Amino acid sequence: MTPSNSSDLSPVESLELALKSPSHPPVTEEDMRQAVRTLLIGLGEDPDREGLLDTPKRVVKALKFLTSGYQQSLDELLNGAVFTENTDEMVLVRDIDLFSSCEHHILPILGRAHVAYIPNGKVIGLSKIARICEMYGRRLQVQERLTAQIADALQGLLQPQGVAVVVEATHMCMVMRGVQKPGSWTATSAMRGIFADDARTRQEFMSLIQRSSQLR
Ligand SMILES: [Zn+2]
């Protein structure tokens, strides 16, 4: 939420202000390792025993990798791979492996994404669709936002006739803690443009991705 005292600022100005005056002091890699060490002690472990000696270093490295999507931008990732193409047929990439981390527990979200769009003069390299999923996956997420971010990225980049994204995923924070039965999946969808407006187009997409589910 925008604080009331910055209501005179445009959204861009507010963001710039927030970036210039972060609410937290800088955190070093050593600070992060110490925090993991503290966690281990709090969990009743001895961080000085042989098997755990390098664990703080490894945990910090792993978490940085799993959230490395924060360091990426769409521009850098695309590297100009948007092309002019006179087609209006649906482009569908099914079963894109998706690995993310839930923002509530920092535990894995494992799943797959199905992404379709109908071009409007511009297409994108197919591998870039998977890279976009990966970039947003490598952040702390909730599945609904991850799904919407993938759809909105493609919608913004290509201004296509429409975008459809379905994410099916299983959340370790639910499965491992026994709230949800192992093997259960959560499905989320984001429909933009013609996929939101036209039931037949949406249905065509849904039947194409259901066929992919039967193959696995
Ligand atoms: Zn969670």
(request) Give the residues of region 185-202 that are not in a strand (DSSP E or B) and not aliphatic (A, V, I, L, M), sorted by residue number. (result) Trp185, Phe195, Asp197, Asp198, Arg200, Thr201, Arg202
(message) Condition (residue is more than 22 Å from Leu77 (Cα to Cα), hydrophobic (A, V, I, L, M, F, W, C) and within 16 Å of the ligand (Cβ to nearest atom)) applied to region 155-170: is it met by at least one residue?
(response) yes
(message) Go through (1) closer than 21 Å to Met90 by Cβ; (2) modelled with pLDDT of 95 or more for Arg211 and report which single condition fails.
(response) (2)
(request) Determine which single condition Leu17 fails, assuming it passes every other condition in (1) surrounded by 10 or more Cβ atoms within 10 Å (Cβ to Cβ); (2) hydrophobic (A, V, I, L, M, F, W, C); (3) modelled with pLDDT of 65 or more. (result) (3)
(request) Please indicate, with yes or no, whether at least one residue in region 182-199 is within 14 Å of the ligand (Cβ to nearest atom), within 19 Å of the chain's Cα centre (by Cα) and within 16 Å of His114 (Cβ to Cβ). (result) yes
(message) Take residues that are surrounded by fewer than 14 Cβ atoms within 10 Å (Cβ to Cβ) and at positive phi and tell me which of the helices (runs of 4 or more DSSP H) falling wholly in region 39-154 contain 3 or more.
(response) none
(message) Regarding region 175-183, can at least one residue be identified that is crowded, with 19+ Cβ neighbours inside 10 Å and not in a helix (DSSP H, G or I)?
(response) no
(message) Regarding region 128-137, can at least one residue be identified that is within 16 Å of the ligand (Cβ to nearest atom) and of a type in the set (D, E, K, R)?
(response) no
(message) List the residue pairs whose Cβ atoms are under 6 Å apart, where the first residue sits in region 89-110 and is more than 12 Å from the ligand (Cβ to nearest atom), the second is of a type in the set (S, T, N, Q), and the two are 6 or more positions apart or on different chains.
(response) Arg94/Ser212; Asp95/Ser212; Leu110/Thr170
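The values are calculated or read from the model by the stated rules, or taken from the named source; none is laboratory data. Here the structure is a predicted model, which is why all the values come from computation and not from measurement. All Cβ positions, even for glycine, are placed from backbone atoms using ideal geometry, and neighbour counts span all protein chains on display.
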